[in-house]
Amino acid sequence: MISFNRILTIVRRYILIHFKSPARLLDLFFWPVMELFVWGFFTVYLKNSNLDSTGRLVVTLINALVFWDILYRSQQALSLAFMEELWTRNVLNLLISPLRTREWVLGAYLYGMIKTGIIVLILLVLASVLYAFHISSLGFSFIPLAFNLLLFGYAMGLFTTGLLLRWGHAAEALIWGVPFLIQPFSAIFYPVSVYPAWLKPIVLALPSTHVMEAMRHVIDTGQFPWPSFWIALGLNVLFTLFFSWFCLRMLERGRSNGQLVRMSG
Amino acid sequence: MPLTDDVIVVEGLTKRYKTVTALDGFSMRVRKGEIYGLLGPNGAGKTTALHVLMGVLTPTAGRVTVFGHSPFDDRETLAPRVNFSSAYVQMPFNLSARQNLDIFARLYGLPDRTNKIESLLAAFKLTAMAKSKTGSLSSGEQTRLNLCKALLNDPDLLFLDEPTASLDPDIADLVRRTLHDFQKRKGLTIVYTSHNMAEVETLCDRVLFLHRGKAITEGTPKEVADRFKKDSLEKVFIHLARTGDVMDAETSR
Ligand SMILES: Nc1ncnc2c1ncn2[C@@H]1O[C@H](COP(=O)(O)OP(=O)(O)OP(=O)(O)O)[C@@H](O)[C@H]1O
Ligand SMILES: [Mg+2]
């Protein structure tokens, strides 16, 4: 049994915490918007220098950028929420309340989805205004692709949260590091064909790779590649199961070696 | 359900870390409606014992029941009936005192949040600070806010880890009277740690001395003082803290 009220309370709480803090708001908007400027002007350059006469590169790059942000943000949703509790020494209060672990996780996910949604919206609007980027370039394909990225981001979030449970503040830097560990191998800004053969098994084991390939496929052909979607979904299920197990193990470990209460205050 | 009035039963509780034994075969029983003081020098294992009783730290060995339930397996049954406050635990800094309480009131599923919150804020003289950010409250005010949180769900059992640390004498007195009042009116059971022996004498129905994770002596404050032929718990404390090692050797013989 899970309580929907408690999940919504957690969402409400993180929204309150977030929107009352200028630093956190800046974190929400500053980086993605700056990134958009860099890539946007880069595509302008490509267009002007006739390197991208069809405009395909522009569309691909900006979509890649938005997708990368979805992955990055959803990965952080859970671990940043947990950090918030560590920073404010509030973990113990939550642990002894009726709130259950899975309710907290679902609340953090929902909150992460809201945050990611706001950023994506801002990026898309800005890109269409500044760079004449067509939001409709992916059409409805956007939703299943973004959904898979969200799932993979959440799975990685479980992994980083597990690391935090194990190493506490010492693992803080990993919150920002883990996404960059997979970025080079997810075929985000270039196709899978650029990787050497020995690296391909790793590249193809990441759900994000299949999403990015699918994105380019839609742009080039207008067709949605269902096999890629299913492969990404299947891999996501595996990653989620494995990292959930890891995270729960770390929680139990923290309960027995005292790390959990020591972090709380 | 247990046949006795005992709210808490602890038997042979041991918590061993890599190099430290924090609790060493420690047993205690807490009766319904009493204020039970856990006393002992720094590092004696008081906080550790509370954490095990709250189900957030798994023991190495021993048996623990709270209201006849395991704090580890029956969290769902126990969480609504139990609460906790400590001078070392805090709440999100950038929310106001009232907002933080509101969030916890929602987590505990309270029907009438506003009245409950306002009456607790008033009881601990925090109404004027209710809109201030939690992070800007003085440490004594934060301590009282934590106590408000701890009483939100009208718990049957309250764990308090040094709840009066950092309170001025006037406010500490207010807190003691408020806790006493709750205990009388609602039959609340309180397990509580403190280093203020005068406070313990006035507040606690029974006390237990811990030393290096072992229970050394237990009884009403008066019984304990009489047992060691001292006229105050403070003197018993100093005596036990200094001779505790000898006592250990004697009890283990
Ligand atoms: N996570 C941990 N890992 C290793 N040792 C620990 C851990 N937590 C507590 N200890 C040790 O266990 C012992 C008991 O600590 P505890 O916090 O229960 O003492 P206490 O009675 O609450 O003391 P104080 O009066 O200072 O609050 C101490 O020696 C402490 O160093
Ligand atoms: Mg302590």
Please tell me if A:Ser208 is surrounded by 13 or more Cβ atoms within 10 Å (Cβ to Cβ) and over 13 Å from the mean Cα position of the chain (by Cα).
no
Within segment B:26-63, can you find the residues that are small (Gly, Ala, Ser) and within 16 Å of ligand 2 (Cβ to nearest atom)?
B:Gly37, B:Gly40, B:Gly43, B:Ala44, B:Gly45, B:Ala49
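Residue-wise test of (1) among the small types (Gly, Ala, Ser); (2) part of a helix (DSSP H, G or I); (3) at pLDDT below 90.
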position: B:Pro163; (1), (2), (3): no, no, yes
position: B:His180; (1), (2), (3): no, yes, no
position: B:Val191; (1), (2), (3): no, no, no
position: B:Glu199; (1), (2), (3): no, yes, no
position: B:Val207; (1), (2), (3): no, no, no
position: B:Asp226; (1), (2), (3): no, yes, no
position: B:Glu234; (1), (2), (3): no, yes, no
Quick one: in segment B:59-97, of everything that is part of a helix (DSSP H, G or I) and over 20 Å from the mean Cα position of the chain (by Cα), which residue is farthest from B:Ser139 (Cα to Cα)?
B:Glu76
Can you confirm whether B:Asn146 is within 16 Å of ligand 2 (Cβ to nearest atom), within 22 Å of B:Thr220 (Cβ to Cβ) and not β-branched (Val, Ile, Thr)?
no
Please determine whether any residue of segment A:84-97 is farther than 16 Å from A:Leu158 by Cα and more than 13 Å from chain B (Cβ to nearest Cβ).
no
Of the residues B:Ala123, B:Ala172, B:Ala225, B:Ala165, which is on the phi < 0 side of the Ramachandran plot, out of contact with any strand residue (DSSP E or B) (no Cβ under 7 Å at 6 or more places or on another chain) and within 16 Å of ligand 1 (Cβ to nearest atom)?
B:Ala165
I'm trying to understand the selection: among the residues of segment B:135-145, which are under 16 Å from B:Ala172 (Cα atoms) and either buried (at least 24 other Cβ atoms within 10 Å of the Cβ) or away from chain A (no Cβ under 12 Å) (or both)?
B:Ser138, B:Ser139, B:Gly140, B:Glu141, B:Thr143, B:Arg144, B:Leu145
Could we say that A:Gly258 is in contact with a helix residue (DSSP H, G or I) (Cβ under 9 Å, 6 or more places away or on another chain) and on the phi > 0 side of the Ramachandran plot here?
yes
Do the conditions hold for B:Gly37, that is, is it more than 10 Å from ligand 1 (Cβ to nearest atom), at positive phi and either within 11 Å of chain A (Cβ to nearest Cβ) or at pLDDT 95 or above (or both)?
no
Where a residue in segment B:16-31 is within 13 Å of another protein chain (Cβ to nearest Cβ) and its partner, wherever it lies, is charged (D, E, K, R), with Cβ under 6 Å and at least six apart
B:Ala22/B:Lys15; B:Leu23/B:Lys15
Restricting attention to segment B:40-74, the residues that are touching a Gly at 6+ places or on another chain (Cβ under 7 Å) and at the interface with chain A (Cβ under 8 Å from one of its Cβ atoms) number exactly 1
Would you mention how many residues in segment A:220-265 are under 18 Å from A:Phe147 (Cβ atoms) and either β-branched (Val, Ile, Thr) or touching a strand residue (DSSP E or B) at 6+ places or on another chain (Cβ under 6 Å) (or both)?
3
Condition first: under 12 Å from B:Leu147 (Cβ atoms) and away from ligand 2 (no atom under 14 Å from the Cβ). Now tell me which residues in segment B:167-210 satisfy that.
B:Leu167, B:Ile171, B:Ala172, B:Leu174, B:Val175, B:Arg176, B:Thr178, B:Leu179, B:Phe182, B:Ile190
Going by the conditions given, is B:Ile117 away from ligand 2 (no atom under 16 Å from the Cβ), of a type outside the set (Gly, Ala, Ser), in contact with an Asp or Glu (Cβ under 7 Å, 6 or more places away or on another chain) and in a helix (DSSP H, G or I)?
yes
Only one of A:Ile70, A:Ile10 is within 14 Å of another protein chain (Cβ to nearest Cβ) and of a type in the set (Val, Ile, Thr); which?
A:Ile10
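The values are calculated or read from the model by the stated rules, or taken from the named source; none is laboratory data. Model, not experiment: these values are computed from the prediction. All Cβ positions, glycine included, derive from the backbone under ideal geometry; neighbour counts span all protein chains shown.
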